[in-house]
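Encoded as structure tokens, the structure appears first; notes follow it.
Just so you know, all these numbers are worked out from the coordinates, no wet-lab data involved. For clarity, every value in this text was computed on a predicted model and none was experimentally measured. Methodologically, a virtual Cβ is constructed for each residue, glycine included, from the backbone with ideal geometry; neighbour enumeration extends over all protein chains shown.
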Amino acid sequence: MPDLHQRSIEIIHAGQFDGAYAACLSFSQYGYCWLRDGMWIAHGMDVVGQSTSARAFHQWAARTLLRYRDKAEGLLAKLTKGEGLTEADYLPTRFELDGRIGQEDWPDFQLDGYGAWLWGLVQFIQAHGDDDLWQEARPAVALLVRYLEALWRSPNYDCWEEHRHHIHPATLAALYGGLCAVQSLSPELVPGGLPETIRDFVLTNAVASDGHFMKYLGNDEVDASLLWLALPYKLVDIHDHRFLKTLAKIEQDIYRPGEGVYRYRADTYYGGGQWLLLTLWLAWAYLELDQPTKAQNLISWVEAQASVTGEMPEQVAGHLLAPAYYDQWVERWGTSASPLLWSHGMYLLLKSLLKDSLT
Ligand code: BGC
């Protein structure tokens with residue numbers, strides 16, 4: 001087995017073009033750069049010393065977003081005038097690698113990636129004291145804050161690009177985390193009380209009767225992305241009783257002991273397999289809860305899923321939740337994505353966090 005740390009770095013470099021990271025070049029649908037995936041890939045690269053790559057991503061994202069300033073301003077103007085919005089009015093969820101908006105029909109109205117990017121950008125700037133990057137990115141950040149302020153209450157697609165007409169706590173956590181991060185750098189950019197209003201909204205509306213956070217408002221199931229509420233976005237502390245109940249339900253309902261983590265119980269995408277990046281997220285929670293052995297076991301399981309050439313897939317098909325759906329996805333788009341750069345980025349991050357926890 002190749003050195004997975006080194007291979008992850010190589011694979012990520014091979015998928016980066018002028019700053020943009022392609023989600024997975026070998027998968028027909030993933031030749032784009034998503035802000036959600038890109039931020040985590042950049043963060044993983046940064047923590048292992050590949051800061052030039054991470055910086056190039058943030059610069060690309062800031063420049064790309066500014067290209068669509070008129071589009072965002074157009075949407076804000078429509079809202080001010082009380083006009084209705086169409087799906088085409090929203091900023092996209094993913095971009096071509098040269099920053100153009102993809103022509104394919106795709107569910108674009110997804111806000112979590114914007115919150116994620118704000119969070120990751122600020123981590124990078126603070127870690128490196130990179131004021132030049134901040135000056136360059138500031139206009140894009142200011143625009144996004146206004147965009148998010150206007151839209152955060154609107155139902156929008158979740159991080160899995162599903163459930164357009166619902167409100168997702170994981171999305172709101174990303175917005176909360178991103179806005180708090182911006183506030184810590186430039187308080188004047190964020191309207192006073194906005195992050196707290198978002199947090200209170202989640203705490204008031206997104207806790208199920210038995211005390212765990214819900215997948216979306218009105219759906220009491222859990223989704224592994226609920227881990228984001230604490231990690232990294234800190235909408236709640238990891239020891240918060242509602243978070244611990246959520247974690248327990250994730251372990252109970254969507255974790256296969258000794259193996260990996262599913263997205264959510266009703267998942268049918270590629271038959272609903274176990275996702276590497278979510279397994280790494282659970283490992284992160286265990287590290288934060290001072291349970292490094294459990295974290296190490298999950299990371300080892302992830303490593304065992306890599307191909308002989310060290311490529312990590314998005315998900316694995318060993319124990320599918322909905323096997324009857326598997327073939328139709330393969331017929332439609334080919335075998336599931338691998339190597340997925342987001343899996344590799346999370347792997348770099350978790351190996352680094354594990355090492356820190358042991359020293
Ligand atoms: C996932 C998204 C991800 C995209 C690219 C989709 O299948 O649901 O979360 O951003 O793939 O990796």
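May I ask for the Rg/Rh ratio of the range 294-333, computed from Cα atoms with Rh as the Kirkwood radius, given to two decimals?
Reported Rg/Rh, Kirkwood definition of Rh: 1.07.
What is the pair-distance distribution P(r) of the range 143-288, computed from all Cα-Cα distances in 10 Å bins starting at 0, with each bin given as a whole percent?
Bin by bin from 0 Å, the calculated values are 11, 42, 34, 12, 1.
Could you check the spin-label model distance between Glu87 and Leu185? Points 7 Å from the Cα along Cα→Cβ, value in nm.
Simple spin-label model gives 3.3 nm for this pair.
Starting from the exponent 0.38 and prefactor 2.2 Å, build the expected Rg for the range 102-181 from its residue count and divide its actual Cα Rg by it.
Output field value: 1.17.
Relative contact order (percent) for the chain, with alpha-carbon contacts under 8 angstrom and 6 or more residues of separation?
Once divided by the residue count of the chain, the mean separation gives 20 percent.
Based solely on its DSSP helices, what 222 nm [θ] is calculated for the chain when runs of n ≥ 4 H residues each add -39,500 (n - 2.57) and the sum is averaged over all residues, nearest 500 deg cm²/dmol?
Numbers: 13 runs with 186 residues, N = 359.
The helix-only estimate for the chain comes to -17000 deg cm²/dmol at 222 nm.
With only alpha-carbon atoms in the gyration tensor, what are the semi-axes of the equivalent ellipsoid for the range 232-304, in Å, largest first?
Rounded to whole Å, the semi-axes are 20, 16, 10.
Count the lysine pairs in the range 33-252 whose Cα atoms sit under 17 Å apart, keeping only pairs 8 or more residues apart in sequence or on different chains.
On the way: Lys71/Lys81; Lys215/Lys245; Lys215/Lys249; Lys234/Lys245.
The result is 4.
Tell me which GluC sites (Glu not before Pro) from the range 2-93 have a DSSP coil assignment and no more than 13 other beta carbons within 10 Å of their own.
For GluC sites (Glu not before Pro) across the range 2-93 that sit outside H, G, I, E and B with at most 13 neighbouring Cβ atoms in 10 Å, the list reads Glu83.
At what distance in angstrom do the alpha carbon centres of the range 142-179 and the range 8-46 lie from each other?
22
Going toward the positive end of the dipole of the chain, with +1 on Lys and Arg Cβ and -1 on Asp and Glu Cβ, which of Gly258, Leu203, Leu354 do you reach last?
Leu203
If you wrap a convex hull around the alpha carbons of the range 33-252, what volume per residue comes out, as a whole number of Å³?
128
Below 14 angstrom from the Cβ of Met1, what's the summed charge of the other residues (Lys, Arg +1; Asp, Glu -1)?
Values: positive: Arg7; negative: Asp3, Glu303, Glu311.
Taking every other residue near Met1 into account, the sum is -2.
Can you compute the FRET efficiency between Ala266 and Arg138 using 1/(1 + (r/R0)^6), with r the Cβ-Cβ distance and R0 = 51 Å? Round to the nearest 0.05. Walk me through the intermediate numbers first.
Numbers: r = 41 Å, r/R0 = 0.81.
Working from the Cβ atoms, E equals 0.80.
Would you please name the chymotrypsin sites (Phe, Trp or Tyr not before Pro) within the range 224-279 that are DSSP coil residues with at most 11 other C-beta atoms within 10 Å of their C-beta?
Numbers: sites: Trp228, Tyr233, Phe243, Tyr255, Tyr262, Tyr264, Tyr269, Tyr270, Trp275; in loops: Tyr233.
Counting only loop positions with at most 11 other Cβ atoms within 10 Å, none of the chymotrypsin sites (Phe, Trp or Tyr not before Pro) in the range 224-279 qualifies.
Based on the Kirkwood radius over alpha-carbon pairs, what is the Stokes-Einstein translational diffusion coefficient of the range 226-359 at 4 °C with 1.567 mPa s viscosity, in µm²/s?
The estimated diffusion coefficient comes to 85 µm²/s.
For the chain, give the magnitude of the charge dipole about the Cα centre (Cβ charges: +1 Lys/Arg, -1 Asp/Glu; no others), in debye to the nearest 20.
In total the dipole reaches around 260 debye.
Once the other residues with Cβ under 11 Å from the Cβ of Arg67 are scored (Lys, Arg +1; Asp, Glu -1), what is the net sum?
+2
Multiplying the sequence separation of Glu104 and Glu251 by 0.36 nm and subtracting their Cα-Cα distance, what value in nm do you get?
49.2 nm
So if R0 is 25 Å, what FRET efficiency would Lys78 and Leu203 give, r being the distance between their Cβ atoms, rounded to the nearest 0.05?
0.20
Across the range 102-111, in residue order, what do the Karplus-derived ³J(HN,Hα) couplings come to in whole Hz, using 6.51 cos²θ - 1.76 cosθ + 1.60 with θ = phi - 60° and x for Gly and Pro?
So the J values, rounded to whole Hz, are x, 8, 5, 6, 8, x, 8, 6, 9, 8.
Please give the length that would be gained between Glu303 and Ala150 if that part of the chain were fully extended, namely 0.36 nm times their separation in residues minus their C-alpha to C-alpha distance (nm, one decimal).
Extending this stretch completely gives an extra 50.9 nm.
Count charges around Val190 for me, please; just the other residues with Cβ under 11 Å from its Cβ, Lys/Arg as +1, Asp/Glu as -1.
Net of charged neighbours comes to -2.
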